[in-house]
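**Q** Before I ask anything, let me first share the structure, which is written out below as structure tokens.
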Amino acid sequence: MPAAPPPMARPAAPPAAPPVAAPAAAAPAVPPVAAPAAAGGTSAPGKRLTGPLRPVNPFMVQDPKQKARRLARALISDMLVYHPEKRQQGIRDGTLPQLFKDEIQKSWLEYTEQVGLELAQSTPFWTEALNEILGGGHKLF
């Protein structure tokens, strides 16, 4: 005679929902991190930190040159994202500057509008980004 099937277990009651916590208060802004003691700072308790401070987020840096360099690299990187085949063709055929002429002009206008013409022309950031990112490390621009 076949064995009887095991008795069916009753489903457990669903667990009670945890109580809803009150929304947390907004977290206070994080202050900049102090530079190491070797750079002029001190970490002794109760003493005020001196020396240069390092920002928590490098994208919040207020230095115009760092902003210009970062913007140049971002604008050139966008060209790669939107036109990867065009870049491969330009590198393969040696026509990269001609193929990207319109995109480079459009991005240059955006760059100079945001950083100012004087800073754009007095720093090598734009050309460096073109050569390193678009040109793949080759001096094409």
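The values are calculated or read from the model by the stated rules, or taken from the named source; none is laboratory data. Nothing here was measured: the structure is a model prediction, and the numbers come from that model. As a convention, Cβ positions derive from the backbone with ideal geometry for all residues, glycine included, and neighbour counts pool all protein chains shown. Just so you know, the surface numbers come from the protein's heavy atoms only, side chains and all, with ligands and any DNA or RNA stripped out. Shrake-Rupley method; radii C 1.70, N 1.55, O 1.52, S 1.80 Å.
**Q** Could you check the stretch 110-141 and list, in sequence order, the residues that are open to solvent by 40 Å² or more (accessible area, probe 1.4 Å) and over 14 Å from residue 74 (Cα atoms)? Don't jump to the end; show me each part of the working.
**A** If we filter the stretch 110-141 for residues that are open to solvent by 40 Å² or more (accessible area, probe 1.4 Å), which is where we start, we get 110, 113-114, 117-118, 121-122, 124, 127-128, 132, 136-141.
Residues satisfying the conditions are 113, 117, 118, 121, 122, 124, 136, 137, 138, 139, 140, 141.
**Q** Which residues, counting only those in the stretch 95-141, are touching a Phe, Trp or Tyr at 6+ places or on another chain (Cβ under 7 Å) and part of a loop (DSSP other than H, G, I, E, B)?
**A** If the condition is that a residue be touching a Phe, Trp or Tyr at 6+ places or on another chain (Cβ under 7 Å) and part of a loop (DSSP other than H, G, I, E, B), then 135 is the only one that fits.
**Q** Considering only the stretch 59-94, state which residues are over 22 Å from the mean Cα position of the chain (by Cα) and either part of a helix (DSSP H, G or I) or crowded, with 16+ Cβ neighbours inside 10 Å (or both). Don't jump to the end; show me each part of the working.
**A** Keep residues of the stretch 59-94 that are over 22 Å from the mean Cα position of the chain (by Cα), which gives 85-94.
Answer for the stretch 59-94, where residues must be over 22 Å from the mean Cα position of the chain (by Cα) and either part of a helix (DSSP H, G or I) or crowded, with 16+ Cβ neighbours inside 10 Å (or both): 85, 86, 87, 88, 89, 90, 91, 92, 93.
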